[in-house]
Amino acid sequence: KIAYTANYNGNSDVYVINSNGGIPLRLTYHGMFDRVLGWTPDGKSVLFASSRESGRQRYSQFYTVPVEGGELTKLAVPYGEFASFSPDGTKLAYTDRSRVNRNWKRYRGGTAPDITVFDLTTFASENITNNIGNDELPMWNGNTIFYMSDKGPNKRNKLWKYDLNTKT
């Protein structure tokens, strides 16, 4: 199946469709924008971000919804824009804010995002990219978290990786 965000009825919601085609199945029904981020590691649920309960339209939170439809699960992360599950599903690499769609580059300031690893069992968190650059779009693969950052000397977005074993 393919999970995606679409606006078929006046609002952007989460849908899945069979990879061979067919009729999409709508998984969310809410007035706020629901943005698909990926899948849970077991492939049974879709991870998405939405500001539906954040109290601030500018900030999103993370949810999962079963691929066949049903009750949403709100994750314990206070705010979040982009995320990726660890292979075992017990942790989440995420950004609590984003500059991805901003129209200026090389921003250095208080709203530059970092990548944080959040333990969904103990609720412990660790900022793994604490720098003045913009660190975005984490993608967890094995013991490595890949992400986009403009922290280099030329301040251009490039792909970086963080090794969880060596913490480098």
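The values are calculated or read from the model by the stated rules, or taken from the named source; none is laboratory data. These numbers were taken from a predicted model, which means no experiment stands behind them. Here Cβ is always computed from backbone atoms with ideal geometry, including for glycine, and neighbour counts include all displayed protein chains. Surface areas here come from the heavy atoms of the whole protein model, side chains and all, with no ligands, DNA or RNA. Shrake-Rupley method; radii C 1.70, N 1.55, O 1.52, S 1.80 Å.
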Region 112-127, subset without any contact (Cβ under 8 Å) to a residue 12 or more places away in the chain and in contact with a strand residue (DSSP E or B) (Cβ under 9 Å, 6 or more places away or on another chain), residue least open to solvent (accessible area, probe 1.4 Å): Ala124
Flag for Arg56 being among the charged types (D, E, K, R) and either open to solvent by less than 70 Å² (accessible area, probe 1.4 Å) or in contact (Cβ under 8 Å) with a residue 24 or more places away in the chain (or both): no
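Check Gly133, Gly109, Gly80 and return the single one that is loosely packed, with under 13 Cβ neighbours inside 10 Å and in a loop (DSSP other than H, G, I, E, B).
Numbers: Gly133 fails: loosely packed, with under 13 Cβ neighbours inside 10 Å; Gly80 fails: loosely packed, with under 13 Cβ neighbours inside 10 Å.
Sole residue among the options that is loosely packed, with under 13 Cβ neighbours inside 10 Å and in a loop (DSSP other than H, G, I, E, B): Gly109.
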Among (1) crowded, with 16+ Cβ neighbours inside 10 Å; (2) modelled with pLDDT of 95 or more, the one test that Gly142 misses: (1)
All positions within region 6-47 that are in a strand (DSSP E or B), open to solvent by less than 50 Å² (accessible area, probe 1.4 Å) and polar (S, T, N, Q): Ser12, Ser45
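Could you say whether any residue in region 91-99 is part of a loop (DSSP other than H, G, I, E, B) and either at pLDDT 95 or above or exposed (fewer than 15 other Cβ atoms within 10 Å of the Cβ) (or both)? Write out each step before concluding.
Step one: list which residues in region 91-99 are part of a loop (DSSP other than H, G, I, E, B), which gives 96-99.
Now drop any that are not either at pLDDT 95 or above or exposed (fewer than 15 other Cβ atoms within 10 Å of the Cβ) (or both), which leaves none.
The answer is no, given that none of the residues of region 91-99 is part of a loop (DSSP other than H, G, I, E, B) and either at pLDDT 95 or above or exposed (fewer than 15 other Cβ atoms within 10 Å of the Cβ) (or both).
Right, Ser86: at pLDDT below 95 and surrounded by 17 or more Cβ atoms within 10 Å (Cβ to Cβ) or not?
Here the answer is no, as Ser86 does not meet what is asked.
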